[in-house]
Amino acid sequence: MSEKILARHLVDFETVIGNRNLITVTVGPRLNPIMLSLGKLPDYRQENSGGGSFPKKISDTLNDFRIHYCEGEDWFSIDLSPTSENFHSIQPIGNQEWLLVRCRASGDQDRNAHVYGADGEHLRCFPAGDGIENVQVTKDSKIWISYFDEGVFGDCELSRSGLVCLDHVGEQVFDFHSVCIEADQIIDCYALNVCSSHETWLYYYTDFPVVRITNHKVNGIWRNIPVSGSHAFAVSKENVLFSGGYNNRTDLIKVHLPTNQLREMKPVTVND
């Protein structure tokens, strides 16, 4: 039997971005919705002679990205200066700055993280590693980055621990290798939840433990979680709400961490 969870409709994407192409949707550290759009068709994939398709780091023509962000009940937008970069992630950082990140990199010197000002002009850039799965920024401008397997087993040193934290100019302040003696090694970090400037949760392949990091130290590990392959989760006290899994991509599943008790959740729309 499923349990009901109340859900409120926040926004209609088309109302915000119009006829532009949606690149990604996320939230910032204050949980405000953010979207990144393109006016032209995305030039994000390339094919080889064998018929395979691969990510394209740089577009053949300039990209006209636009940031859409919500404050209170109002939406605002910023047009970025034209760039050939193919960005995948966006987060607010610092005082009216924006972090845009390309998930694939060509090596340790590839500056695939770019910071833009409130006027949309480029300010600085730095390496963020290869095979980026998730980017989340805290209120004090710490940048948490998780990586999937092609980054962990790739050529970029920054990616090999599966999880790092950088400061606002790209200097590394945490590496999961420093604490993985207490937890299993990350092969592919499926989901990341940076709850605050002091608390970060992660969930990763192969055995999918839920791990809590507080002040850069592991202080909680829950194993034998009855959900495999989820790509997002929320945390509330002793409960974790997972978004789907390998065999149920659209389901919501709540797990009580002390007992590993599982409940399916059914979203019910709240009428405002």
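What pairs come up if the first residue lies in region 15-33 and is touching a residue at least 12 places away in the same chain (Cβ under 8 Å), the second is outside any strand (DSSP E or B) and of a type in the set (A, V, I, L, M), and their beta carbons are under 8 Å apart, counting only those six or more places apart or on different chains?
From residues that are touching a residue at least 12 places away in the same chain (Cβ under 8 Å), the pairs are N21/L41; P33/L10; P33/V11.
For region 105-124, what are the residues that are crowded, with 20+ Cβ neighbours inside 10 Å, over 19 Å from V27 (Cα atoms) and not small (G, A, S)?
N112
Would you call I78 more than 18 Å from the chain's Cα centre (by Cα), among the β-branched types (V, I, T) and within 25 Å of G28 (Cβ to Cβ)?
It is true that I78 is more than 18 Å from the chain's Cα centre (by Cα), among the β-branched types (V, I, T) and within 25 Å of G28 (Cβ to Cβ).
Please go through region 103-120 and pick out each residue that is part of a strand (DSSP E or B) and of a type in the set (A, V, I, L, M). Talk me through it step by step, then tell me what you get.
Initially, region 103-120 is screened for residues part of a strand (DSSP E or B), giving 113-116.
Hits for region 103-120 are A113, V115.
Filter region 76-103 down to the residues that are surrounded by fewer than 17 Cβ atoms within 10 Å (Cβ to Cβ) and of a type in the set (G, A, S) and list them by number.
S77, S81, S84, G94
Considering only residues of region 246-272 that are part of a loop (DSSP other than H, G, I, E, B) and of a type in the set (A, V, I, L, M, F, W, C), which is farthest from E133 (Cα to Cα)?
Of the residues in region 246-272, the ones part of a loop (DSSP other than H, G, I, E, B) are 246-251, 257-260, 270-272.
Checking the rest, the ones that are also of a type in the set (A, V, I, L, M, F, W, C) come to 257, 270.
Values: L257: 24, V270: 32 Å.
Among those that are part of a loop (DSSP other than H, G, I, E, B) and of a type in the set (A, V, I, L, M, F, W, C), it is V270.
Table: residues versus (1) of a type in the set (A, V, I, L, M, F, W, C); (2) exposed (fewer than 12 other Cβ atoms within 10 Å of the Cβ); (3) farther than 19 Å from P29 by Cα.
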{"position": "H198", "(1), (2), (3)": "no, no, no"}
{"position": "N224", "(1), (2), (3)": "no, yes, yes"}
{"position": "N247", "(1), (2), (3)": "no, yes, yes"}
{"position": "I253", "(1), (2), (3)": "yes, no, yes"}
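Taking region 49-76 on its own, how many of its residues are outside any strand (DSSP E or B) and either within 20 Å of D130 (Cα to Cα) or touching a Ser or Thr at 6+ places or on another chain (Cβ under 7 Å) (or both)?
Residues in region 49-76 being outside any strand (DSSP E or B) and either within 20 Å of D130 (Cα to Cα) or touching a Ser or Thr at 6+ places or on another chain (Cβ under 7 Å) (or both): 3 in total.
If you go through region 255-272, how many residues are closer than 20 Å to H9 by Cβ and surrounded by 15 or more Cβ atoms within 10 Å (Cβ to Cβ)?
Going through region 255-272, the residues closer than 20 Å to H9 by Cβ turn out to be 265-272.
So of that shortlist, the ones also surrounded by 15 or more Cβ atoms within 10 Å (Cβ to Cβ) come out as 265.
So the answer is 1.
Which condition does G129 not pass, out of (1) more than 17 Å from the chain's Cα centre (by Cα); (2) at positive phi, if it passes all the others?
Answer for G129: the failing condition is (1).
Determine, yes or no, whether I187 is of a type in the set (A, V, I, L, M) and crowded, with 18+ Cβ neighbours inside 10 Å.
Numbers: of a type in the set (A, V, I, L, M): yes; crowded, with 18+ Cβ neighbours inside 10 Å: no.
No; evaluated as a whole, the condition is false for this residue.
Name the single residue that is surrounded by the most Cβ atoms within 10 Å (Cβ to Cβ) among those in region 226-245 being of a type in the set (A, V, I, L, M, F, W, C) and in a strand (DSSP E or B). Explain how you work it out, then say what you get.
Of the residues in region 226-245, the ones of a type in the set (A, V, I, L, M, F, W, C) are 227, 232-235, 240-242.
With the extra rule that they be in a strand (DSSP E or B), the set shrinks to 233-235, 240-242.
On the way: F233: 22, A234: 15, V235: 15, V240: 23, L241: 17, F242: 27.
Applying the filter and picking the extreme gives F242.
So for region 139-153 (the condition being touching a strand residue (DSSP E or B) at 6+ places or on another chain (Cβ under 6 Å), basic (K, R), buried (at least 20 other Cβ atoms within 10 Å of the Cβ) and in a loop (DSSP other than H, G, I, E, B)), does at least one residue qualify?
Yes: region 139-153 contains one or more residues that are touching a strand residue (DSSP E or B) at 6+ places or on another chain (Cβ under 6 Å), basic (K, R), buried (at least 20 other Cβ atoms within 10 Å of the Cβ) and in a loop (DSSP other than H, G, I, E, B).
May I ask you to say which residue of L123, L100, L158 is modelled with pLDDT of 95 or more and assigned to a helix (DSSP H, G or I)?
Values: L123 fails: assigned to a helix (DSSP H, G or I); L100 fails: assigned to a helix (DSSP H, G or I).
That would be L158, the only listed residue that is modelled with pLDDT of 95 or more and assigned to a helix (DSSP H, G or I).
The values are calculated or read from the model by the stated rules, or taken from the named source; none is laboratory data. What you see is a predicted model, and the numbers here were worked out from it, not measured in a lab. Cβ: placed from backbone, ideal geometry, glycine included. Neighbour counts: every protein chain shown.
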